[in-house]
DNA sequence: ACGGCAAGGATTTTT
DNA sequence: TCCTTGCCGT
């Protein structure tokens, strides 16, 4: 409390009504949330179990949980609810599963699972276009985010295309119900609809959560905001923290307009701006402010630096992308040597994952340790999906998707022909594949050999599942991995023994997470296998031992992934038209989000910022000429140091940039 | 069941 | 260009 600035203090102590904290980059918003939770408990008489804080990422939730535990002590923090939106929804669904008509032990489908199911459903239709499949996925997600059930979607369809999509939405829903499965969007939609329609449930949750805090509010979508509104009710005791300038997920349904909506829905809203920045040098902040001023704003905000003015921002140009990577590495090495810095003080930020490869190559060639965050995630590796599918079947045998994945992996002679027959039986009786294997007709409709293998397998699973639920979960798990000879399977199917080894290491890693979660620790309660499986699908695993965090490695990630982080020295690479304002965003006329993305990147830097760009770049096999990003031209040129390599913007380009600014200003005034 | 080859696609991806 | 996907042949 002592160390808060006046604005932060106001944000913390205003508790009598709805509160919006506009928190600029690096303005100490997490601190405000932590302090506010403590203030609510210690000064305002709130019980910890009546307070909930929601974030978007598990990482953010975990960090918050740790910091609160550190400042409050374990006893006082007991019962405090700090989770992601999705985990909160999951908890609510679990508590209310009877009302929702769900059997306990339901499966959670991740995006890939849902996509696979939809693919299957659309195969019968004349929807062969993969583009149309993508559209369908998006449409269903949109419907769910707008809290529309299939019946409403069908009723409100405006054309044949939409009507077909609505029909498929309904079939999708039916299949999910049959599998006893939910997808990510359901985790928000179902609790929200339940609260909206059931007064008893609503008042129960409103009395359970009496103060609500929301982090990264600008990233909420419609249903998430509805959930917030329903949870806080008339009393409206809540604080949301957000920054419209850091809204970079609108392509995923985030509605930064929710910030404006909040003022309309709650006229008594208290607005607090955090404009003091504790992260970056004055020059970096000035650049960021000037850049983002090109976007229209509902709430004006200007970050002030507490630190010195700092070094000039450099713009390094290269002939092509290989040269770009070389120059970054050369600059980095020289800089590190002159400043006695560590590798982990440097970040290379880029727009698209594909850009990473070339930098990876250059770093490797120079024996520089690096770490790439993001990219193909742990959970999309096939070996992890396999084991997860096994676990899902143990917990929920009706999960046909998971069952299909594992029944012949490793190969046990349950090939397509057998499955086809089981599928037909299951279909005719309206039961799951697994249940079909226990049907009285099962043995009559299958060749003896096939029936035999299927029965041995399913009975083995039942036995394992029983054991896992009854008590010795760990033993059951161990036996399962041993029982399927998974290690042999990996060696059989991997291109090299080395790859198999890697994959087995991943499996062991997963196994370790599972055991940790089953056992629990001082911050987390022990979980049941059922809980472990859903939490893992939500990517919410316990912190693995921190040997990686300590390592001295150059940090590489996309601009999106960098949000919330900070680094002493930042290379923002590929600052070119078509790449940083990405071409597809230009096509859609959404430069503003790209500008925010650049803003996020710039404000990651604490001490120094270096942009790089190429004169030409190979794209889809052909060389294309590159122009400097318009964002570079929007920055204060006095603070930029263009590296002489003859890529200075021409007078014509400056003129162009000036024109667009005027056009934008006009657009703003017209609004 | 698996390797070979052609075609197609190539932002971002908190859960 | 270079990766993934899917189809086809053995």
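Computed quantities for the displayed model
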item	result
Only listed residue being in contact with a helix residue (DSSP H, G or I) (Cβ under 8 Å, 6 or more places away or on another chain) and not in a helix (DSSP H, G or I), chosen from A:235, A:158	A:235
Near pairs, Cβ below 9 angstrom, 6+ apart or cross-chain, from the range A:103-128 (more than 17 Å from residue A:405 (Cα to Cα) and modelled with pLDDT of 85 or more) to any residue that is within 16 Å of DNA strand B (Cβ to nearest atom) and not in a helix (DSSP H, G or I)	A:106/A:181; A:106/A:182
The range A:138-187, residues that are free of Cβ contacts under 8 Å to residues at least 24 places away in the same chain and either touching a strand residue (DSSP E or B) at 6+ places or on another chain (Cβ under 7 Å) or within 15 Å of DNA strand B (Cβ to nearest atom) (or both)	A:138
Residue match in the range A:188-195 (condition: surrounded by fewer than 17 Cβ atoms within 10 Å (Cβ to Cβ), on the phi < 0 side of the Ramachandran plot and either within 16 Å of DNA strand C (Cβ to nearest atom) or free of Cβ contacts under 8 Å to residues at least 60 places away in the same chain (or both))	no
Counted residues, the range A:300-332 - those being assigned to a loop (DSSP other than H, G, I, E, B) and either touching a helix residue (DSSP H, G or I) at 6+ places or on another chain (Cβ under 7 Å) or farther than 30 Å from residue A:218 by Cβ (or both)	10
Filter result for the condition that a residue is exposed (fewer than 15 other Cβ atoms within 10 Å of the Cβ), touching a residue at least 12 places away in the same chain (Cβ under 8 Å) and over 37 Å from the mean Cα position of the chain (by Cα), over A:488, A:492, A:441	A:441
Index of the failed condition, residue A:267 passing every other in (1) out of contact with any helix residue (DSSP H, G or I) (no Cβ under 7 Å at 6 or more places or on another chain); (2) buried (at least 16 other Cβ atoms within 10 Å of the Cβ)	(2)
Wholly enclosed helices (runs of 4 or more DSSP H) of the range A:333-451 bearing at least 3 residues modelled with pLDDT of 85 or more and away from DNA strand C (no atom under 16 Å from the Cβ)	A:382-395, A:400-406, A:416-429, A:433-436, A:442-445
In the range A:246-264, the residues that are within 14 Å of DNA strand B (Cβ to nearest atom) and part of a helix (DSSP H, G or I)	A:246, A:250, A:251, A:252, A:258, A:259
Helices (runs of 4 or more DSSP H) contained in the range A:559-602 and holding at least 3 residues more than 23 Å from the chain's Cα centre (by Cα) and over 22 Å from residue A:333 (Cα atoms)	A:583-587
Residues that are loosely packed, with under 15 Cβ neighbours inside 10 Å and either at pLDDT 90 or above or out of contact with any strand residue (DSSP E or B) (no Cβ under 9 Å at 6 or more places or on another chain) (or both), drawn from the range A:597-624	A:620, A:621, A:622
Subset tally (residues that are out of contact with any strand residue (DSSP E or B) (no Cβ under 8 Å at 6 or more places or on another chain) and in a helix (DSSP H, G or I)) for the range A:190-218	17
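Conditions (1) in contact with a strand residue (DSSP E or B) (Cβ under 9 Å, 6 or more places away or on another chain); (2) within 14 Å of DNA strand B (Cβ to nearest atom), marked per residue:
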site: A:75; (1), (2): no, no
site: A:87; (1), (2): yes, yes
site: A:98; (1), (2): no, no
site: A:106; (1), (2): yes, no
site: A:120; (1), (2): no, no
site: A:135; (1), (2): no, yes
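The values are calculated or read from the model by the stated rules, or taken from the named source; none is laboratory data. Not measured: the values here are computed from a predicted model. With ideal geometry, Cβ positions are generated from the backbone for all residues, glycine too; neighbour counts draw on all protein chains shown.
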